[in-house]
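Peer 1: Have a look at this one.
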Amino acid sequence: MKLGVVFPHHEIGTDPGAIKAYAQGAEALGADHMLIYDHVLGADPDRPGGWTGPYDKDVAFHEPFTVFSFMAAVTETIEFATAVLILPQRQAALVAKQVAELAILSGNRFRLGIGTGWNEVEYEALDVPFARRGKRQEEQVELMRKLWASDNLTYGGDFHTVTKASILPRPTRPVPIWFGGGAPALLKRCALIGDGWVPLGGPGEGSANALRQIRAHREAAGLAWDGFGIQAQAQFRGGTPERWQNHASRWVDLDCTHIAIATHNAGNRTVDDHLAAARAYFDAVGDVAA
């Protein structure tokens, strides 16, 4: 199981030097990958109708493609992954272009984790219907893969139309697409057209049951399980070496391939603090993950 870190989006600040130091420091620690969360907008709780949610307008989220492009230029080995990009609220052709460019400039160190999202405020502001976002996501994946592979594409779907066009430059190999979420329809979509799964919860019965569903769908479709990825997360906050070891061991039992430690919301205020926390986690679970 490969060990990674979660970018501390709302605690890292906006100093380019600090972001560079974090990326290079994570790589120096031996982190295999770095996850980044995605939100375009935060809502004001004082808006008409009120607002409740896990974050609001005062929580910072860096833009994934921009920050990963910056990090790719100052690192050599660490892999980057969105966990997850809210794909249906974006234009598929533009995302295909952005992903291709990031894959090229990073030396194929990027995998695209996608979700459907829950925040209608973002969909409204981005002028995309909130309804049917799952179907839209499925079609987007098909279209993006065609754009990455074809130099002249004609495509007609329920949500997208391309008439004899494509993107250039294109990635030199397929960009992995991993799905986040746990709804039955999403798990089936993940199994049939995804390269991996990003679970929302921990290594309990819910995740085990979801993985059984994914396996069953893949087996029914004649798709191999080998090579299919599972991206888990762990929390530094409230953890101890023993708790982290137990948590990681349970994910290993579920055939998890990747796990990243989230060090935010744990009192860490500087780059060195976040890297020290990641080091403590890696030291604790290294033998379990090996």
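The values are calculated or read from the model by the stated rules, or taken from the named source; none is laboratory data. These numbers come from a predicted model, not from an experiment. Cβ coordinates were reconstructed from backbone atoms using ideal geometry, including for glycine residues, and neighbour counts include every protein chain displayed. Accessible surface areas use protein heavy atoms only, side chains included; no ligands, DNA or RNA. Shrake-Rupley method; radii C 1.70, N 1.55, O 1.52, S 1.80 Å.
Peer 1: Net charge around N119, counting only other residues with Cβ within less than 14 Å of its Cβ (Lys, Arg = +1; Asp, Glu = -1)?
Peer 2: Details: positive: R47, K57, R90, R133; negative: D38, D44, D56, E120, E122, E124.
So the environment of N119 carries a net charge of -2.
Peer 1: Measure off 7 Å from each Cα along the Cα-to-Cβ vector at R145 and K2, then give the distance between these two points in nanometres to one decimal.
Peer 2: Those two pseudo-labels are separated by 2.0 nm.
Peer 1: A further question on this structure: Rounded to the nearest percent, how much of the accessible area of region 60-135 (1.4 Å probe, protein heavy atoms only) is carbon and sulfur? Walk me through the numbers on the way to the answer.
Peer 2: Values: 1680 of 3090 Å².
Ligands and nucleic acids excluded, carbon and sulfur give 54 percent.
Peer 1: Another question, if that's okay. I'd like the antiparallel share, as a percent to the nearest 5, of DSSP beta bridges with both residues in the chain.
Peer 2: On the way: 3 of 32 bridges.
Around 10 percent of the beta bridges assigned by DSSP in the chain are antiparallel ones.
Peer 1: Classify region 45-170 from the C-alpha gyration tensor, please: rounded if a/c falls under 1.5, else prolate or oblate depending on whether a/b exceeds b/c.
Peer 2: Values: a/c = 2.68, a/b = 1.22, b/c = 2.20.
It is oblate, given that a/c is not under 1.5 and a/b is not larger than b/c.
Peer 1: Whole number in Å², please: accessible area per residue of region 143-276, 1.4 Å probe, ligands, DNA and RNA not counted.
Peer 2: With the other protein chains kept in place, region 143-276 gives 50 Å² per residue.
Peer 1: Answer with a single label: of (1) 33, 29, 12; (2) 29, 23, 21; (3) 60, 18, 15, which was calculated as semi-axes √(5λ) of the Cα gyration tensor in Å from the structure in view?
Peer 2: (2)
Peer 1: From the square roots a ≥ b ≥ c of the eigenvalues of the alpha-carbon gyration tensor of region 112-262, which class results: rounded (a/c under 1.5), prolate (a/b over b/c), or oblate?
Peer 2: Values: a/c = 2.03, a/b = 1.70, b/c = 1.20.
Here region 112-262 falls in the prolate category.
Peer 1: At 1.4 Å probe radius, can you tell me the per residue accessible area of region 12-108 in Å²? Don't jump to the answer; show the numbers that get you there.
Peer 2: Details: 4190 Å² over 97 residues.
On a per-residue basis, 43 Å².
Peer 1: Just list whichever of K135/K164; K2/K135; K20/K135; K20/K97; K20/K146; K146/K188 have alpha carbons separated by over 29 Å in the model shown.
Peer 2: Numbers: K135/K164 24 Å; K2/K135 32 Å; K20/K135 38 Å; K20/K97 24 Å; K20/K146 34 Å; K146/K188 21 Å.
Violating the 29 Å limit, Cα to Cα: K2/K135; K20/K135; K20/K146.
Peer 1: What residues from region 4-39 fall in the zone where the backbone N is under 17 Å from a label point 7 Å along the Cα-to-C-beta line of L94?
Peer 2: Those under the cut-off are 38-39.
Peer 1: Determine the gain in length on full extension of the stretch H160-R269; use 0.36 nm per residue of separation and subtract their C-alpha separation, reporting nm with one decimal.
Peer 2: On the way: separation 109, 0.36 × 109 = 39.24 nm, distance 4.38 nm.
That works out to 34.9 nm of additional length.
Peer 1: Then there's this: Net charge near A165, counting Lys/Arg +1 and Asp/Glu -1 over other residues with Cβ under 15 Å of its Cβ? Before the final figure, lay out each step's value.
Peer 2: Numbers: positive: K97, K146, K164, R170; negative: D151.
After counting each charged neighbour, the total is +3.
Peer 1: Further question: Using only Cα atoms and rounding to the nearest 10 degrees, what angle (0 to 90) does helix 271-289 make with the longest principal axis of the chain?
Peer 2: 90
Peer 1: Can you check what the net charge comes to around G4, using other residues whose Cβ is under 9 Å from the Cβ of G4 (Lys, Arg +1; Asp, Glu -1)? Show your work: numbers first, answer last.
Peer 2: Numbers: positive: K2; negative: D32, E79.
With Lys, Arg at +1 and Asp, Glu at -1, the net is -1.
Peer 1: Taking a quarter of the surface of the Cα convex hull of region 127-176, what do you get in nm²? Don't jump to the answer; show the numbers that get you there.
Peer 2: On the way: hull surface 16.4 nm².
Mean shadow area of the hull around the Cα atoms is 4.1 nm².
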